[in-house]
Amino acid sequence: MRTELTRGAAVVTALCLTGLLMMVLAVPGTHAGPVVVSVRDRGLHLYDVPALFLWLIGVLGCAVTWRTAARLRQD
């Protein structure tokens, strides 16, 4: 039961982080700083980079939690 709760918390956390990232990336370009990478009429803005970095760290933490819960389940 504890393993399922831990894995569930990891999934919910990853989904929340992804939702927050989407909200940050949806900010109009005028408020997101200068464009770092441009693709057609869209681009990655300077203030999007820290959000992407924090999202990556958070999702990697969720993946580690998921794998740790799997190891605990085997024991």
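The values are calculated or read from the model by the stated rules, or taken from the named source; none is laboratory data. Computed from a predicted structure; not experimentally measured. Cβ coordinates were reconstructed from backbone atoms using ideal geometry, including for glycine residues, and neighbour counts include every protein chain displayed. To get the accessible areas, we keep the full protein, side chains included, count just its heavy atoms, and leave off ligands, DNA and RNA. Shrake-Rupley method; radii C 1.70, N 1.55, O 1.52, S 1.80 Å.
How many percent of the accessible area of the chain is carbon or sulfur, using a 1.4 Å probe? Mind dumping the intermediate values first?
Numbers: 4070 of 5870 Å².
Carbon and sulfur together cover 69 percent of it.
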Connecting C-alpha atoms closer than 10 Å in a GNM of the chain, tell me which of VAL39, VAL27, VAL12 has the biggest fluctuation.
VAL39
Regarding the chain, what's the average projected area of the Cα-atom convex hull, expressed in nm²?
5.5
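Probe of 1.4 angstrom, ligands and nucleic acids ignored: what's the accessible area per residue over region 1-66, in square angstrom? Write out the running numbers ahead of the final one.
On the way: 4940 Å² over 66 residues.
Value returned for region 1-66: 75 Å² of accessible area per residue.
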Please build a GNM for the chain, connecting alpha carbons under 10 Å apart, and tell me which residue among THR30, THR13, THR65 fluctuates the most.
THR30
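How high is the FRET efficiency from LEU44 to VAL12, r the C-beta distance, R0 22 Å, rounded to 0.05? Don't skip to the answer; put the middle values down first.
Values: r = 27 Å, r/R0 = 1.24.
Once the sixth-power term is evaluated, E becomes 0.20.
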Between the residues ALA32, LEU44, GLY19, the Cα farthest towards the positive end of the dipole of the chain, that dipole coming from +1 and -1 charges on the beta-carbon of Lys, Arg, Asp and Glu, is from GLY19
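Taking the Cβ-Cβ separation of ARG67 and ARG2 as r and a Förster radius of 25 Å, what is the calculated FRET efficiency to the nearest 0.05?
Efficiency, from the Cβ-Cβ distance: 0.95.
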